[in-house]
Amino acid sequence: MVTLVEFNSTASEELLPVLLTCCDAPSWADGVLAARPYADIDGLLARADELAAGLPASEVDRALSAHPRIGDRVQGSDTHSAWSRQEQSGVSQDESVAAQLLEGNLAYEKRFGRVFLICATGLSAEQILASLNQRLTNDDDTEAATVAEELRKIAVLRLRKVFDA
């Protein structure tokens, strides 16, 4: 956790790994750093949100590769693993729901060629499963836009965590 003063004054090379943990998109991280100093956290989050909304497809794909399959229990003690576990805390350990999520994930990956991404914070397993099933009906362009939007939400949520004690 850092303060805004620390964020504004810390060397870019030290902050870059923190930002890439929030969203593994170099242009996003570089853009957030380039706009320093920030007057307040809301301004920082607004800039991060704006940058995440404009990510090119190649960086969305790169960032997706850093995200686990929804429902998988991520191991590890690093920040990314801890955040993934926290974000997926609403995913039930019920065997039936877990099996449905796995089946849906596999169908999604076959259909779209990438991991199903959803900002799972605050969602139940049933809500996630309903969204997964609905998104399987999307056309490619609609789903690409949806994935980019979910990634944007996750990036801003995680960046906020950097400042929350």
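The values are calculated or read from the model by the stated rules, or taken from the named source; none is laboratory data. Values in this document were obtained by computation on a predicted structure and should not be read as measured data. In this analysis, Cβ positions are derived from the backbone assuming ideal geometry, glycine residues included, and neighbour counts consider all displayed protein chains.
Key figures
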| quantity | calculated |
| --- | --- |
| In segment 1-29, residue surrounded by the most Cβ atoms within 10 Å (Cβ to Cβ) [restricted to those that are among the polar types (S, T, N, Q) and not in a helix (DSSP H, G or I)] | 10 |
| Residue within segment 104-115 that is at pLDDT below 95, in a loop (DSSP other than H, G, I, E, B) and more than 22 Å from residue 61 (Cβ to Cβ) present | no |
| Those residues of segment 1-16 which are at pLDDT below 95 and within 19 Å of the chain's Cα centre (by Cα), in sequence order | 1 |
| Any hit, segment 83-90, residues being part of a helix (DSSP H, G or I), modelled with pLDDT of 95 or more, surrounded by 13 or more Cβ atoms within 10 Å (Cβ to Cβ) and of a type outside the set (Val, Ile, Thr) | no |
| Which numbered condition residue 50 misses (of (1) in a helix (DSSP H, G or I); (2) buried (at least 17 other Cβ atoms within 10 Å of the Cβ); (3) at pLDDT 95 or above) | (2) |
| Qualifying positions in segment 120-165 - loosely packed, with under 14 Cβ neighbours inside 10 Å, assigned to a loop (DSSP other than H, G, I, E, B) and either at pLDDT 95 or above or touching a Pro at 6+ places or on another chain (Cβ under 7 Å) (or both) | 137, 139 |
| Verdict on residue 43 being within 21 Å of the chain's Cα centre (by Cα), without any contact (Cβ under 8 Å) to a residue 24 or more places away in the chain and within 29 Å of residue 68 (Cβ to Cβ) | no |
